[in-house]
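Since the structure comes first, as structure tokens, the remarks are kept for the end.
The values are calculated or read from the model by the stated rules, or taken from the named source; none is laboratory data. Because the structure is predicted, anything quoted here is derived from the model rather than measured. In this analysis, Cβ positions are derived from the backbone assuming ideal geometry, glycine residues included, and neighbour counts consider all displayed protein chains. Accessible surface areas use protein heavy atoms only, side chains included; no ligands, DNA or RNA. Shrake-Rupley method; radii C 1.70, N 1.55, O 1.52, S 1.80 Å.
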Amino acid sequence: MREFSFHRPQSLDETFDLLERYGEDARPIAGGTALVILLKERLVQYEHLVSLRGVPGISGITVDADGLRVGGTATHRAMEVSPEVRGGWPLLTETYHHVATVRIRNSATVGGGLAHGDPNQDPPPSLIALGATVKATSRAGVRTVPVEELYRDYYDVALEPWEIVTEVVVPPVPAGNATAFIKFLPRTANDSATVSAAVNIRAANGKCEDARVGIGAAGPVPIRARKVEDALRGQDLTPAVLRDAADLAREEVDPLDDIRGSASYKRDMAAVITRRAMEQALQREQA
Amino acid sequence: METIELTVNGERVQRDVPSYRTLLDFIRNDLGLTGAKEACSVGVCGVCTVLLDGAPIAPCITLALQAHGRSITTIESLASADGTLHPIQEAFVRYGGFQCGICTPGQIMSAKALLDTSPRPSEEEIKDWMMGNLCRCTGYYKIIESIQRAAEQETVRA
């Protein structure tokens, strides 16, 4: 790493001053677990790091009429242990627990993880399935971006250099919705998934009223599997319907060959894991 | 260069560091506390584990600058001044929780954080918490057993 200036703004205003002044030469840092690796490996270089740690008001986890409000610098660990999250959004308790190891979760932040744009991460599919939105904030104001629209390409998110993620908002999950998240990883438990899937299904009398499906680690971005969702809506949730709908995941993903699996294997597994997530969600809800 | 002030094992420390210095390099080289080791350098293996404000972190992927105004705890703080081992260290010795020892400071610091959080963990909880601390020698069973025994001891003590 080369020397850089390390700034400690004590307010959002100060943060925006710095980001506007230095533009692409600056990068916000919260936990730093991804950024410091990139700096050490010399994959990126910045003349200015802007630490968000001292900025008040963006690290809490609260609940109000809009739902769950997670500050951008709340840690993964805070999500994992939060009674508010477990009470209303247990899918997120489980999902955030899956990330890496407890050491990483103690440092890595919710907003920082999303801003990093790694499509293999665990939270995005579950956030997509729950209809979460990101508040991208700058001096000009706040843009609300659905999580599935945040990702453009590998490590490329729809955030300007002068914006930071101040909050993630997750709407309340209607009582009776069936949710599940499955992280399929044949290798060590602290790795990224070969493919992951999260589902959020509302059904009445065995018929699907609405569905949201997020799939991760199966392409350059985490995706919202709309074809799968469309194949569920209005249908009786029989095993055949689940299987046929989950099969459409093959058309929605765009995986790469890598050490976690070949592209064709990931494509096959996307269908399998999506179906298993649906089955697990519906079984849990009936229980 | 920037000046950082932090608490290390209960004592106030002030040093000048270059911006790029990792917290692990700071602990080992600037402070001479070589209990925490470096192996993978990317936060995966756990041999560098120290506690930051009581919580286990990977100092190899943390900047020293990020520890300014905070408190770190390393393996060197566990034994008493007269050399009496901490119950967790004692358990690792008695129950064979280490062989070559290189992962051991990290294992013990992670275990300490676990028992501070959850004094009577189940075997599943231990495995789940400790999975980020890799060991090439022991095959893990003795590590798990050492932690279970240490937990029993601490419960008896308390």
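Consider the range B:16-30. How many of its residues are more than 14 Å from chain A (Cβ to nearest Cβ) and either touching a strand residue (DSSP E or B) at 6+ places or on another chain (Cβ under 6 Å) or closer than 19 Å to A:Glu47 by Cα (or both)?
Here the count works out to 1.
If a residue must be under 16 Å from the mean Cα position of the chain (by Cα) and farther than 20 Å from A:Asp122 by Cα, how many such residues does the range A:167-178 contain?
Here the count works out to 0.
Looking at (1) in contact with a strand residue (DSSP E or B) (Cβ under 8 Å, 6 or more places away or on another chain); (2) open to solvent by 80 Å² or more (accessible area, probe 1.4 Å), which is the one condition that is false for B:Leu52?
(2)
Please find, within the range B:140-158, the residue that is nearest to the other protein chains (Cβ to nearest Cβ) out of those that are at pLDDT below 95 and open to solvent by less than 90 Å² (accessible area, probe 1.4 Å). Please lay out each step first, then the result.
Initially, the range B:140-158 is screened for residues at pLDDT below 95, giving B:152-158.
Narrowing further to those that are open to solvent by less than 90 Å² (accessible area, probe 1.4 Å): B:154-155.
Values: B:Glu154: 19, B:Thr155: 22 Å.
Among those residues, the one meeting the criterion is B:Glu154.
Which one of these does B:Gly32 not meet: (1) without any contact (Cβ under 8 Å) to a residue 60 or more places away in the chain; (2) surrounded by 15 or more Cβ atoms within 10 Å (Cβ to Cβ)?
(2)
Tell me, please, whether a residue that is of a type in the set (S, T, N, Q) and out of contact with any strand residue (DSSP E or B) (no Cβ under 9 Å at 6 or more places or on another chain) can be found in the range A:12-30.
no
Of the residues B:Lys142, B:Lys112, which single one is more than 17 Å from the chain's Cα centre (by Cα) and part of a helix (DSSP H, G or I)?
Every option except B:Lys142 fails the conditions.
Of the conditions (1) over 30 Å from A:Trp89 (Cβ atoms); (2) at the interface with chain B (Cβ under 8 Å from one of its Cβ atoms); (3) free of Cβ contacts under 8 Å to residues at least 40 places away in the same chain; (4) of a type in the set (A, V, I, L, M, F, W, C), A:Val44 clears all except one; give me its number.
Of everything listed in (1) over 30 Å from A:Trp89 (Cβ atoms); (2) at the interface with chain B (Cβ under 8 Å from one of its Cβ atoms); (3) free of Cβ contacts under 8 Å to residues at least 40 places away in the same chain; (4) of a type in the set (A, V, I, L, M, F, W, C), A:Val44 misses just condition (2).
Of everything in the range A:8-65 that's hydroxyl-bearing (Ser, Thr, Tyr) and farther than 18 Å from A:Glu167 by Cα, which residue is least open to solvent (accessible area, probe 1.4 Å)?
Result: A:Thr33.
Can you list residue pairs whose Cβ atoms sit under 7 Å apart, with the first residue in the range A:80-109 being within 14 Å of chain B (Cβ to nearest Cβ) and under 15 Å from A:Thr179 (Cα atoms) and the second being open to solvent by less than 10 Å² (accessible area, probe 1.4 Å) and outside any helix (DSSP H, G or I)? Count only pairs 6 or more apart in sequence or on different chains.
Pairs that qualify, where the first residue is within 14 Å of chain B (Cβ to nearest Cβ) and under 15 Å from A:Thr179 (Cα atoms) and the partner is open to solvent by less than 10 Å² (accessible area, probe 1.4 Å) and outside any helix (DSSP H, G or I), are A:Glu94/A:Phe181.
With the structure loaded, tell me whether A:Ala136 is at negative phi, hydrophobic (A, V, I, L, M, F, W, C) and not in a loop (DSSP other than H, G, I, E, B) or whether it fails that test. Show your work before the answer.
Numbers: at negative phi: yes; hydrophobic (A, V, I, L, M, F, W, C): yes; not in a loop (DSSP other than H, G, I, E, B): yes.
Yes: the conditions hold for A:Ala136.
Name every residue in the range B:48-77 that is closer than 19 Å to B:Lys37 by Cβ, at the interface with chain A (Cβ under 10 Å from one of its Cβ atoms) and not hydrophobic (A, V, I, L, M, F, W, C), in order of residue number.
Hits for the range B:48-77 are B:Thr49, B:Pro56, B:Pro59, B:Thr62.
Can you name every residue in the range A:179-204 that is open to solvent by 20 Å² or more (accessible area, probe 1.4 Å), over 11 Å from A:Leu130 (Cα atoms) and either under 18 Å from the mean Cα position of the chain (by Cα) or within 14 Å of another protein chain (Cβ to nearest Cβ) (or both)?
Across the range A:179-204, the qualifying residues are A:Ile182, A:Lys183, A:Phe184, A:Leu185, A:Arg187, A:Thr188, A:Ala189, A:Asn190, A:Asp191, A:Ser192.
Has the range B:41-58 got any residue that is among the polar types (S, T, N, Q), farther than 27 Å from A:Glu41 by Cβ and either out of contact with any Pro (no Cβ under 9 Å at 6 or more places or on another chain) or not in a loop (DSSP other than H, G, I, E, B) (or both)?
No, the range B:41-58 has no match at all.
Of all residues being β-branched (Val, Ile, Thr) and part of a strand (DSSP E or B) in the range A:66-78, which is least open to solvent (accessible area, probe 1.4 Å)? Just the residue, please.
So the residue we want is A:Val70.
Determine which single condition B:Val44 fails, assuming it passes every other condition in (1) of a type in the set (Val, Ile, Thr); (2) open to solvent by 50 Å² or more (accessible area, probe 1.4 Å); (3) more than 9 Å from every other protein chain (Cβ to nearest Cβ).
Against the list (1) of a type in the set (Val, Ile, Thr); (2) open to solvent by 50 Å² or more (accessible area, probe 1.4 Å); (3) more than 9 Å from every other protein chain (Cβ to nearest Cβ), B:Val44 comes up short only on (3).
What number of residues within the range A:205-226 are surrounded by fewer than 16 Cβ atoms within 10 Å (Cβ to Cβ) and either within 25 Å of A:His98 (Cα to Cα) or in contact (Cβ under 8 Å) with a residue 12 or more places away in the chain (or both)?
The number of residues fulfilling the criteria is 5.
Check off (1) in contact with a Ser or Thr (Cβ under 6 Å, 6 or more places away or on another chain); (2) at the interface with chain B (Cβ under 8 Å from one of its Cβ atoms); (3) not in a strand (DSSP E or B) for A:Leu39 and give me the number that stays unchecked.
Of (1) in contact with a Ser or Thr (Cβ under 6 Å, 6 or more places away or on another chain); (2) at the interface with chain B (Cβ under 8 Å from one of its Cβ atoms); (3) not in a strand (DSSP E or B), only one is false for A:Leu39: (1).
Check A:Ala225, A:Ala231 and return the single one that is of a type in the set (Gly, Ala, Ser), at pLDDT 95 or above and closer than 19 Å to A:Pro119 by Cβ. Lay out the reasoning, then the answer.
Values: A:Ala231 fails: closer than 19 Å to A:Pro119 by Cβ.
Matching residue, one of A:Ala225, A:Ala231: A:Ala225.
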